[in-house]
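Comments concern the structure below.
Nothing in this text is a laboratory measurement; each read-out follows from the coordinates by a stated rule. Fair warning: this is a prediction, and the values are worked out from it, not measured in the lab. Here the Cβ is made from the backbone with ideal geometry for all residues, glycine too, and neighbour counts use every protein chain on show.
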């Protein structure tokens with residue numbers, strides 16, 4: 001038996017340690033903070049129905065327009081909604097988040113979205129992730145600009161992490177960004193050091209300096225991950241994550257954060273919010289999605305605890321029609337809702353300008369209008385949660401307005 005490695009060893013190693021890296025960029029300046037705060041963005045892909053998340057139960061036309069999708073008022077019926085005040089309520093499936101709202105740590109924003117009226121998932125998601133609605137030539141993402149605005153001494157390759165199968169548009173162009181779908185797939189064989197050294201040398205032998213630098217960064221990240229061994233960290237007793245999938249990305253993110261690998265920005269996506277058919281009211285397809293989301297976020301914040309300041313921003317590309325379609329679902333709309341929870345949030349109230357459900361206030365006579373540009377929310381949350389001195393470069397050509405959803409430090 002020789003000490004050389006065969007092709008099977010190399011393929012096995014690469015297959016179990018796949019990390020996708022972002023690009024390079026110039027850094028700006030961030031304020032010094034005592035503890036390294038973390039911003040987590042959860043993208044609800046498919047366009048979540050705002051009226052199922054934040055229910056305007058006192059609106060005169062609510063039950064008339066929603067029909068079979070209308071929900072009970074707080075305190076009434078078998079599945080009552082959860083009172084948020086000012087005529088709004090949470091869907092009962094969001095109950096794991098309700099204590100965070102009542103304690104002032106969670107804030108919904110209504111009437112939020114993009115000024116671009118597109119009903120295309122692809123175009124709307126691209127516009128939201130690049131932060132430049134109406135401009136399709138943008139190459140970098142809004143989160144990458146936030147990452148590049150961080151001045152981090154000896155920055156970690158884990159500064160920005162996407163727990164996704166590929167690098168999201170939001171992080172395109174980030175100096176320090178890694179995409180890895182499932183931490184439990186990463187393994188190190190007995191001869192891992194020898195394998196890494198051999199592959200690393202192959203990178204260095206390449207004539208391209210950029211290729212060589214990428215190799216150095218990749219293997220630095222692999223060694224950091226192995227030494228930190230985040231998967232060995234137990235989930236605290238009493239913390240329970242929903243098990244809609246074999247692995248919960250927020251549970252894995254909590255392990256990365258607690259391993260002190262230097263995570264500052266994280267991106268996670270949730271699929272399946274395109275509820276054209278059998279959406280359900282208090283129960284059903286969307287209720288299941290919301291229950292998984294709410295349970296995961298609540299467990300994540302409890303898991304991380306007070307050791308690290310964490311802010312979670314939940315977003316979706318656009319809203320859905322006010323009235324249901326003939327298939328018991330809702331179609332592509334315009335204005336939607338977002339939620340932000342955690343460190344620095346001015347919660348316990350519903351934010352945004354609500355115009356009501358009268359026909360004159362609906363976009364195209366059928367959708368919720370956009371009264372708050374998503375860039376206003378993104379800019380404020382990023383600036384405050386990451387302690388950025390200057391957020392003006394996050395959205396080129398746009399001057400954000402205050403939403404007052406975050407406390408100023």
Go ahead and run the numbers for FRET between residue 79 and residue 186, Cβ-Cβ distance against an R0 of 51 Å, rounding to 0.05. 0.80
Can you compute the label reach from residue 120? Point 7 Å from Cα along the Cβ direction, backbone N cut-off under 19 Å, restricted to region 259-288. 274
Cα centroid separation, region 154-186 to region 388-409 (Å): 24 Å
So between residue 408 and residue 349, what do we pick up on full extension, going 0.36 nm a residue minus the alpha carbon distance? 19.6 nm
For residue 247 and residue 308, what does the FRET efficiency come to when R0 = 25 Å and r is the distance between their Cβ atoms, rounded to the nearest 0.05? 0.75
At R0 = 30 Å, how high is the FRET efficiency between residue 398 and residue 102 if r is their beta carbon distance? Nearest 0.05 is fine. 0.30
Counting only C-alpha contacts under 8 Å and six or more residues apart, can you give the relative contact order of region 333-401 as a whole percent? 31 percent
How do the peptides 357-366, 117-126 rank, highest first, by the average count of neighbouring beta carbon atoms within 10 Å per residue? 117-126, 357-366
For each of 330, 164, count neighbouring Cβ atoms within 10 Å of the residue's Cβ, then give the residues from fewest to most. 164, 330
Given Cα pairs under 8 Å that are at least 6 residues apart, what percent is the relative contact order of region 255-384? 21 percent
